[in-house]
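Nothing in this text is a laboratory measurement; each read-out follows from the coordinates by a stated rule. Not measured: the values here are computed from a predicted model. Neighbour counts are summed over all protein chains in view; Cβ atoms, including those assigned to glycine, are modelled from backbone coordinates with ideal geometry.
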């Protein structure tokens with residue numbers, strides 16, 4: 001009976017927890033939130049991609065050599081390793097913003113896996129094209145050298 005009376009009494013007391021989502025949650029000054037990328041400061045070294053433990057950052061490469069930065073807020077664990085690894089100050093910063101919630105209909109995992117596959121395939125194609133161009137230049141130099149030696 002005492003448990004019932006305590007439960008009944010709790011219905012009329014103020015809650016001990018934060019009434020989220022009706023009131024904002026307290027965020028300390030040291031809260032680690034979303035990562036922001038400044039493309040104008042980025043030197044495209046990909047150190048942040050390498051340092052990211054869960055793989056929330058990936059760079060894609062177009063055949064013209066331009067790179068694009070991709071960041072998945074729902075894979076990120078907000079550790080800040082990417083910011084620490086970045087050699088260019090201000091290119092990556094960690095804000096105190098929270099990630100927006102996502103629903104199952106967004107299929108964030110499927111789209112992210114597709115972005116990662118496309119990025120890796122694009123980088124491999126770009127590297128293969130660069131190797132082919134380097135081999136063509138080396139062959140032309142070898143032919144030039146052979147022609148010069150033949151004249152002598």
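See the values below:
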quantity	calculated
Strands (runs of 3 or more DSSP E) contained entirely in the stretch 53-151, each with at least 2 residues that are in contact (Cβ under 8 Å) with a residue 60 or more places away in the chain	57-61
Matching residues in the stretch 18-40 - criterion: being touching a strand residue (DSSP E or B) at 6+ places or on another chain (Cβ under 9 Å) and in a loop (DSSP other than H, G, I, E, B)	32, 33, 34, 38, 39
Residue in the stretch 31-42 that is surrounded by fewer than 14 Cβ atoms within 10 Å (Cβ to Cβ) and either within 15 Å of the chain's Cα centre (by Cα) or more than 30 Å from residue 126 (Cα to Cα) (or both) present	yes
Residue within the stretch 9-28 that is at positive phi, surrounded by 10 or more Cβ atoms within 10 Å (Cβ to Cβ) and in contact (Cβ under 8 Å) with a residue 40 or more places away in the chain present	no
Hey, residue 100 touching a helix residue (DSSP H, G or I) at 6+ places or on another chain (Cβ under 9 Å) and within 27 Å of residue 28 (Cα to Cα) or not	no
Any chance residue 50 is under 30 Å from residue 127 (Cα atoms) and in a helix (DSSP H, G or I)	yes
